Amino acid sequence: MVLVAGKMYRPTDVAVDVATNSVFVVEQFNHRISKWDYVDDDFEFTLDGSWGSNSDGTTGQGGPIGAGDSTDTSLYRPTGIAFDGTRLIVTDTFHNRIRTLAIADGAFIDSAGTGGSGNTNFYHPAGIAVNDANTILVIADEFNHRAVSYDVGAIPHLMTF
C-alpha cells in the first residue's frame, strides 16, 4: 500500500495513532509532517493535514521558541517522530531542536534545544522514541555522538546519559 506515491519528498520516519487510524509521516525535504487517515477496507489513505511547509524551511528560527509560543511554525529537514497519544514530538533536525505538536488542533506547542554541544543543545537531532508509559523521551543527537533523554513532564529539562 502506498500513501500517494510521488507526493512525498524524502520521507524518513512514521508514527501511528491506532485510535484514529492515522499515520504521521516525516517528509524531510518537504519540511513538514503529513497526517494520513485510513478511509476504507482497500487500505486507502487520504491526506488530512500537515505541519510545517513545502518551502525551503530556512526562514524559520534557528533556536528555540518560548513555551506555548506557536508563532514559529517552520520545520527545517525534520527526520524523526514519536507519538505519545495526544502530541507528536519531532526532531527539527536542521534547526537543532525538538518540537511538540498538538494532534487535536494542529498547533505547535513547544520547542526545546538550540544548536551546540552543551547539555541543553543539539547538533542535528535525528532519531526519537518515547517509552510505553509516555514518560521518557530519548533523542539521538547525531553530530554530538550521544543520546539524550527527557523527562516528558519536565520538557525542556534535559538529562544526558
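The values are calculated or read from the model by the stated rules, or taken from the named source; none is laboratory data. Please read these numbers as outputs of a predicted model, since none were measured by experiment. Counting neighbours? That spans all protein chains shown, and the Cβs are built from the backbone with ideal geometry, glycine included.
Data for the structure
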read-out: Residue satisfying condition, being within 22 Å of Ile139 (Cα to Cα) and at pLDDT below 85, within set Ala112, Ala82; value: Ala112
read-out: Filter result (surrounded by 17 or more Cβ atoms within 10 Å (Cβ to Cβ) and in contact (Cβ under 8 Å) with a residue 40 or more places away in the chain) within region 125-141; value: Pro125, Ala126, Gly127, Ile128, Val130, Leu137, Ile139, Ala140
read-out: Number of positions in region 119-145 that are out of contact with any strand residue (DSSP E or B) (no Cβ under 9 Å at 6 or more places or on another chain) and either outside any loop (DSSP other than H, G, I, E, B) or on the phi < 0 side of the Ramachandran plot (or both); value: 2
read-out: Members of region 85-117 found to be assigned to a strand (DSSP E or B) and either more than 12 Å from the chain's Cα centre (by Cα) or aromatic (Phe, Trp, Tyr) (or both), listed by number; value: Phe108, Thr114, Gly115
read-out: Residue match in region 146-160 (condition: under 16 Å from the mean Cα position of the chain (by Cα), crowded, with 17+ Cβ neighbours inside 10 Å and modelled with pLDDT of 85 or more); value: yes
read-out: Lone unmet requirement of (1) at pLDDT 85 or above; (2) surrounded by fewer than 19 Cβ atoms within 10 Å (Cβ to Cβ) for Phe43; value: (1)
